[in-house]
Amino acid sequence: NANWSQVAPEERARLLDNFADLMEAHQDELMMLAVREAGKTFANALAEVREAVDFCRYYAAQLRTEFAPRPPRPLGPVVCISPWNFPLAIFVGQSVAALAAGNPVLAKPAEQTSLIAARATQLLFEAGLPRDVFALLPGDGATLGGVFCRDARTAGVCFTGSTEVARLINRQLADKPGPIAALIAETGG
């Protein structure tokens with residue numbers, strides 16, 4: 001959605017704060033999904049929710065201070081590929097960073113933890129994000145990743161996972177038609 005990049009920084013910040021509020025209101029449910037899907041302990045599940053909320057509050061603050069006078073220039077469609085071991089925090093952190101910068105997001109959670117990603121996506125829409133700005137695409141990483149990374153419309157990829165897969169993504173992005181895509185990768189465990 002090209003209109004998302006035109007949304008004022010304060011409005012994006014308000015949406016991120018709304019999302020954070022909703023995650024806090026649904027903390028117990030999100031914790032149970034993290035326990036059930038990712039095998040988190042209760043303490044780790046609580047930390048997972050708190051970190052996701054912190055990402056929202058951080059990027060909202062950045063929009064209000066650093067980017068209020070001059071919003072960041074969006075890249076375009078950003079693919080966010082998150083791991084199973086931080087199924088909410090990294091999923092949310094990658095996604096809200098890209099959204100804060102004015103980019104539409106294609107979010108691909110780990111196959112093992114798609115339920116918590118789906119619930120977070122519902123809360124994100126409930127917070128006010130237009131549905132045509134964010135797509136949740138659960139499924140096989142090897143299949144979907146290849147589709148995303150070879151598509152000329154992909155402007156960036158945020159990836160957390162193995163170094164081997166990051167190298168594969170890098171090669172696929174280098175070979176794709178169209179403009180060069182940015183790759184932000186946290187790898188190596």
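Some notes on this structure:
- Apportionment of accessible area to carbon and sulfur, the stretch 1-74, percent (1.4 Å): 50 percent
- Spatial separation of Cα centroids for the stretch 16-45 and the stretch 118-136, in angstrom: 16 Å
- At an R0 of 30 angstrom, the distance between the Cβ atoms of residue 21 and residue 42 translates into a FRET efficiency of 0.85.
- Local net charge near residue 33, Cβ-Cβ under 11 Å (Lys/Arg +1, Asp/Glu -1): -1
- Membrane-span-like helices in the chain (whole DSSP H runs, Cα extent of at least 27 Å along the helix axis, mean Kyte-Doolittle hydropathy of at least 0.0): 42-65.
- Cut-off under 5 Å, modelled amide H: who pairs with residue 182 long-range: 156, 157
- Amide H to amide H distances under 5 Å link residue 160 with 81, 186, where only residues 5 or more positions off or on other chains count and H is placed in the peptide plane.
- With a cut-off of 14 Å between beta carbons, the residues surrounding residue 128 carry a summed charge of -3, where Lys and Arg count +1 and Asp and Glu -1.
- Compared with the alpha-carbon gap, the fully stretched path from residue 140 to residue 167 is longer by 7.9 nm at 0.36 nm per residue.
- Positive minus negative residues near residue 169 (Lys, Arg vs Asp, Glu; Cβ under 13 Å): +1
- Accessible area of the stretch 105-189 belonging to carbon and sulfur atoms, whole % at 1.4 Å probe: 56 percent
- Between the listed residues 6, 133, 31, the Cα displaced farthest toward the positive end of the dipole of the chain, a dipole computed from Cβ unit charges relative to the Cα centre, is found at 6.
- With kT/(6 pi eta Rh) evaluated at 25 °C and eta = 0.890 mPa s, and Rh the Kirkwood radius from Cα pairs, the chain diffuses with a coefficient of 149 µm²/s according to Stokes-Einstein.
- The eigenvalues of the Cα gyration tensor, multiplied by 5 and square-rooted, give the stretch 122-189 an equivalent ellipsoid with semi-axes of 23, 16, 11 Å from largest to smallest.
The values are calculated or read from the model by the stated rules, or taken from the named source; none is laboratory data. Remember, it's a predicted structure, so these values are computed and weren't measured experimentally. Heads up, the Cβs are rebuilt from the backbone with ideal geometry, glycines too, and the neighbour counts pull from every protein chain shown. What goes into the accessible areas is simple: the full protein's heavy atoms, side chains included, and nothing from ligands, DNA or RNA. Shrake-Rupley method; radii C 1.70, N 1.55, O 1.52, S 1.80 Å.
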